[in-house]
Amino acid sequence: MTVGAGAGAAGPAIRLPGGWHLDHRASVDSTNEVAKTLAEAGAAHGTILLADQQTAGRGRHGRGWTSPPGNFYASIVLRPMAPVRDWPQIGFVAGLALIEAVLAVAPDVDCRLKWPNDILVGDRKLAGLLLESTGEALIVGSGLNIASAPDDPDRPAIDLAALDHGDISPAELLEVYATGLEAGLDRWQTAGFAAIRALWLDRARALGQPIRVRLPGGELTGRFADLDATGALILEDRHGGLRTITAGDVFPMEAACS
Ligand code: BTN
């Protein structure tokens, strides 16, 4: 389906998967918040909220997401035909679609996936995903630094402009991302999470390497051994013991933060 960039927005039409719909706004508080409201009002699977800027962008673990104009901020309403308990796996589908979109428009960018679904260049964060559920729908929010990145020494970040790809437009990125996300969802539903897991691991950062995992109750260290069949991180301690981590912040052994 070809659609215009949306009410009030300039720019060329972009191609989206069949039945998907773009709602492009100049400024919102959070695209996830708006997408949630739209979903609660019955918005269809594939409704995309794209914004030029956010005034209250949200990150994981209750953090904020700095959202000036020039970067990519999108939230997609999904109504997966799968049990709600499996929906977190869609974070891996979306992370994979986003990194593949980056590599399609900027093939020389050396980026990797950080568990569960960040995109890093070296130790610097290029993009992050925030999944939220209304119970009936899943909101997949994605933020990617194109023109600028926050300057926070505790959380090093990078933008595509610093990598000589500042000319990529959010609409261009969205087109490739949405197409890849639909294909990934199809693969997930037909081939199962095992197919996604294998592709994700191919693009993973720190696989097999020492990591630290910050959990609400403290910190664990070990080797990033694997992802399990649900997407949980398998951490191997120095005695060969395995721990299954379902939520937490992962850092390389030498770094304080990322
Ligand atoms: C993280 O890495 O902490 C997740 C960041 C997710 C940011 C995106 S920007 C678009 C969408 N709307 C939000 O408020 N957050 C997500």
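The values are calculated or read from the model by the stated rules, or taken from the named source; none is laboratory data. Remember, predicted model here, so these are calculated numbers, not experimental data. Cβ: placed from backbone, ideal geometry, glycine included. Neighbour counts: every protein chain shown.
Hey, does region 95-111 have a residue that's of a type in the set (Gly, Ala, Ser), out of contact with any Leu (no Cβ under 8 Å at 6 or more places or on another chain) and more than 14 Å from ALA74 (Cα to Cα)? Show your work before the answer.
The first filter runs over region 95-111 and keeps only residues of a type in the set (Gly, Ala, Ser), leaving 95, 97, 101, 104, 106.
Add one more test, that the residue is out of contact with any Leu (no Cβ under 8 Å at 6 or more places or on another chain), and what stays is 104.
Then keep just the ones that are more than 14 Å from ALA74 (Cα to Cα); that gives 104.
The answer is yes, given that some residue of region 95-111 is of a type in the set (Gly, Ala, Ser), out of contact with any Leu (no Cβ under 8 Å at 6 or more places or on another chain) and more than 14 Å from ALA74 (Cα to Cα).
Out of GLY128, GLY122, which single residue is of a type outside the set (Phe, Trp, Tyr) and in contact with a helix residue (DSSP H, G or I) (Cβ under 9 Å, 6 or more places away or on another chain)?
On the way: GLY122 fails: in contact with a helix residue (DSSP H, G or I) (Cβ under 9 Å, 6 or more places away or on another chain).
Answer to the selection: GLY128.
In region 213-222, is there at least one residue being within 21 Å of PRO116 (Cβ to Cβ), assigned to a loop (DSSP other than H, G, I, E, B) and modelled with pLDDT under 95? Break it down stepwise before answering.
Step one: filter region 213-222 for residues within 21 Å of PRO116 (Cβ to Cβ), giving 213-222.
Applying the additional criterion that residues be assigned to a loop (DSSP other than H, G, I, E, B) yields 216-217.
Now narrow it down to the ones that are modelled with pLDDT under 95: 216-217.
Checked against the condition, which is being within 21 Å of PRO116 (Cβ to Cβ), assigned to a loop (DSSP other than H, G, I, E, B) and modelled with pLDDT under 95, region 213-222 yields at least one hit.
Applying the selection to region 36-62, what residues are within 13 Å of the ligand (Cβ to nearest atom), over 15 Å from the mean Cα position of the chain (by Cα), over 22 Å from GLU182 (Cα atoms) and not polar (S, T, N, Q)?
ASP52, ALA56, GLY62
Could you give me the residue pairs with C-beta distances under 7 Å whose first residue belongs to region 21-35 and is under 13 Å from PRO69 (Cβ atoms) and more than 8 Å from the ligand (Cβ to nearest atom), whose second residue is small (Gly, Ala, Ser) and part of a strand (DSSP E or B) wherever it lies, and which are 6+ apart or on separate chains?
Filtered contacts from region 21-35: ARG25/ALA51; SER27/ALA51; VAL28/ALA51.
Taking the condition touching a residue at least 12 places away in the same chain (Cβ under 8 Å) and more than 9 Å from the ligand (Cβ to nearest atom), does LEU129 pass?
So LEU129 does not fit the description; no.
Hey, can you tell me all the residues within region 65-109 that are over 19 Å from GLU136 (Cα atoms), away from the ligand (no atom under 14 Å from the Cβ), part of a loop (DSSP other than H, G, I, E, B) and of a type outside the set (A, V, I, L, M, F, W, C)?
PRO107, ASP108
Only one of ASP249, ASP202 is free of Cβ contacts under 8 Å to residues at least 24 places away in the same chain, farther than 15 Å from ASP86 by Cα and not hydrophobic (A, V, I, L, M, F, W, C); which? Lay out the reasoning, then the answer.
Details: ASP249 fails: free of Cβ contacts under 8 Å to residues at least 24 places away in the same chain.
Exactly one residue qualifies, and that residue is ASP202.
Pick out the one residue from ASP108, ASP151, ASP164 that is of a type in the set (D, E, K, R), loosely packed, with under 15 Cβ neighbours inside 10 Å and in contact with a helix residue (DSSP H, G or I) (Cβ under 9 Å, 6 or more places away or on another chain). Step through it out loud before you land on a result.
Numbers: ASP151 fails: in contact with a helix residue (DSSP H, G or I) (Cβ under 9 Å, 6 or more places away or on another chain); ASP164 fails: in contact with a helix residue (DSSP H, G or I) (Cβ under 9 Å, 6 or more places away or on another chain).
Of the residues listed, the single one that is of a type in the set (D, E, K, R), loosely packed, with under 15 Cβ neighbours inside 10 Å and in contact with a helix residue (DSSP H, G or I) (Cβ under 9 Å, 6 or more places away or on another chain) is ASP108.
PHE92 passes all but one of (1) surrounded by 14 or more Cβ atoms within 10 Å (Cβ to Cβ); (2) under 26 Å from ASP167 (Cα atoms); which number fails?
All conditions are met except number (2).
Of these, ALA43, ALA39, which one is hydrophobic (A, V, I, L, M, F, W, C), farther than 19 Å from ILE196 by Cα, in contact (Cβ under 8 Å) with a residue 40 or more places away in the chain and touching a helix residue (DSSP H, G or I) at 6+ places or on another chain (Cβ under 9 Å)? Outline the logic, then answer.
Values: ALA39 fails: touching a helix residue (DSSP H, G or I) at 6+ places or on another chain (Cβ under 9 Å).
Matching residue, one of ALA43, ALA39: ALA43.
Restricting region 132-146 to residues that are touching a residue at least 60 places away in the same chain (Cβ under 8 Å) and more than 14 Å from the ligand (Cβ to nearest atom), which is surrounded by the fewest Cβ atoms within 10 Å (Cβ to Cβ)?
GLU136
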